[in-house]
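Below is one structure; the comments refer to it alone.
FYI, it's all coordinate maths here, none of it is from the lab. Keep in mind that what you see is a predicted model, and the values were worked out from it rather than measured. Every residue, glycine as well, gets a Cβ built from its backbone with ideal geometry; the counts of neighbours run over all protein chains shown.
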């Protein structure tokens, strides 16, 4: 199930990495996608995917999670496999391509906004060794667990 084309995700990545305000990025993403909930998902997933690609290429021996967390309508956190989120997979493909082929500035701007990149950066700045570390699943604050078929 593809919600958005790869080309549209790349356009939103360029917007998200630019000097636009978050409100301007949201408005432009909505214009490209046509659905505010899907546009928000693309905006939320892009930095996380870029952060995963950055960390995956660091050679630090870090184990990345295979799931993420989202709250359901009752306020409970639900753990969801990344395979349930097609936008994440597309964003990973885009991030991998940009990591190897550029534009590097877009890659860097998005990767450094990732919650997982922030955690890894703080640990490294504190002098911690990340060899053999496992990262916890990211919590997606703006995406409802019910967005994913069969999960509540």
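Points worth noting:
- Alpha-carbon centroids, segment 1-76 and segment 119-141: separation in whole Å: 20
- Mean Cα-pair separation over length for segment 80-152, i.e. relative contact order, pairs under 8 Å, 6 or more apart, %: 28
- Exposure proxy ranking for 7, 85, based on other Cβ atoms within 10 angstrom of each Cβ and starting from the fewest, stands as 7, 85.
- For the chain, the relative contact order works out to 33 percent when only alpha carbon pairs closer than 8 Å and six or more residues apart are counted.
- Taking other C-beta atoms within 10 Å as the exposure proxy, 104, 41, 113 rank 104, 113, 41 from fewest upward.
- The alpha carbons of segment 6-147 occupy a box of 44, 40, 24 Å along the principal axes, longest dimension given first.
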